[in-house]
Amino acid sequence: MDEGDVAPYNYQLLQFVLEKIESGTSAQLMSVVVMLKCMKRFGFTASFNRCAVSGNDTQADLIGYSFKYDGAISRQEASKDVHAVILSNKTLYLLDVLQKLPIDKMNSLNIHQEIIDEMSDIILMLYRDMQVCFLKVRN
């Protein structure tokens, strides 16, 4: 976005997040929502709903996130990336839902803290990875 450009969605997202935090929703969870919703604006996306290696979209088979393959990885393909970040199935499912669900459809957001922590950790890793790639391209 250039200076002076107006992005109505950004204002809607900010208002949504501030209202949710004010009503008691975890600020950490809201930061995850913001980072998920802003990925495309920063030039990257993440796939949490199917195995990046095999294309398997059976949610129960997904066990982590592979930076090598840029997406979720299934139990059957996990040996192909020994450095994949192991995540709970609930985390992958909720990341996918929060990424795809429009903010006006997000009513009650009640997620256990351990899942929020896991979502926050992987999202921050994704942003760091994107930043490293960006810096490598610039040099």
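Values quoted throughout were computed directly from the atomic coordinates according to the rules given, and no laboratory measurement underlies them. This one's a predicted model, so the numbers in the text were calculated from it and none came from an experiment. Positions of Cβ are backbone-derived with ideal geometry, glycine not excepted, and every protein chain shown enters the neighbour counts.
Worth a mention:
- Top of S26, S54, S120 by mean-square fluctuation, Gaussian network on the chain, Cα under 10 Å: S54
- Within the range 1-61, GluC sites (Glu not before Pro) in DSSP loop having at most 14 other beta-carbon neighbours inside 10 Å: E3
- Here the extension length gained between S23 and A60 equals 10.0 nm, from 0.36 nm per residue of separation less the Cα-Cα distance.
- Measuring between alpha carbons in the structure, the pairs from K40/K100; K40/K68; K68/K105; K37/K105 lying more than 22 angstrom apart are K68/K105.
- Tensor-based shape of the chain (alpha-carbon gyration tensor, a/c under 1.5 rounded, otherwise prolate or oblate): oblate
- Low-density loop cleavage sites - trypsin sites (Lys or Arg not before Pro) in the range 40-103, where at most 16 other Cβ are within 10 Å (DSSP): K68
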